[in-house]
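Laboratory data are not the source of any read-out in this text; all were calculated from the coordinates shown. No experiment lies behind these values; they were computed from the predicted model shown. Cβ sites come from the backbone with ideal geometry, for glycine too, and all protein chains shown count toward neighbours.
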Amino acid sequence: MQPGNVKQASTDTIWQWLSEIPDPEIPVLSLTDLGVIRDVRWEKGTLVVTVTPTYTGCPATAVINLDIETKLRTCGVEDLRLEQKLSPPWTTDWLSAEGREKLKNYGIAPPVDAVKDTRPLADRILQMTGASKSSVSCPRCDSENTEKISQFGSTPCKAAYRCKSCLEPFDYFKCH
């Protein structure tokens with residue numbers, strides 16, 4: 001333990017604290033649900049938290065870092081270093097299963113696993129451009145009879161969709 005640190009909590013405890021921090025853009029998700037916190041470790045009495053932003057230049061990165069620092073300092077961690085890790089880049093595959101369910105319950109369609117998609121590239125391009133049937137399910141009625149209204153939604157990581165069955169608009173958390 002480094003002098004001045006109130007305590008050197010276990011990494012399990014630190015992960016629990018971090019799971020209580022909401023994403024600033026989608027507050028129903030925690031930062032751990034989102035998968036942006038990549039590692040937590042102690043190095044010679046300093047807590048090192050590794051963070052991967054959802055994309056380079058994400059406007060929420062500064063707020064996320066401040067929220068992490070504020071939470072950990074409130075819990076008594078004094079010696080803290082945040083590291084940004086850009087490689088490998090964040091992917092929606094890092095969203096937890098619980099996070100995907102939280103998105104759906106909140107009214108945002110969770111990402112379709114495009115990174116794991118094994119369809120031919122031409123089929124995926126057709127879907128991305130809206131030229132083929134969407135596989136994005138409506139978070140309200142579960143219908144797959146949906147259409148992309150705009151590639152751009154309420155935040156850069158979301159697209160605007162509409163359900164043709166229940167006629168409700170909804171955000172879709174884009175894959176990347």
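The figures follow:
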read-out	value
Neighbourhood charge, 15 Å Cβ-Cβ cut-off, centred on residue 59 and excluding it, Lys, Arg +1 and Asp, Glu -1	-2
Debye intensity ratio I(q)/I(0), log10, segment 11-84, q values 0.14, 0.24, 0.25 Å⁻¹ (C-alpha model)	-0.38, -1.15, -1.25
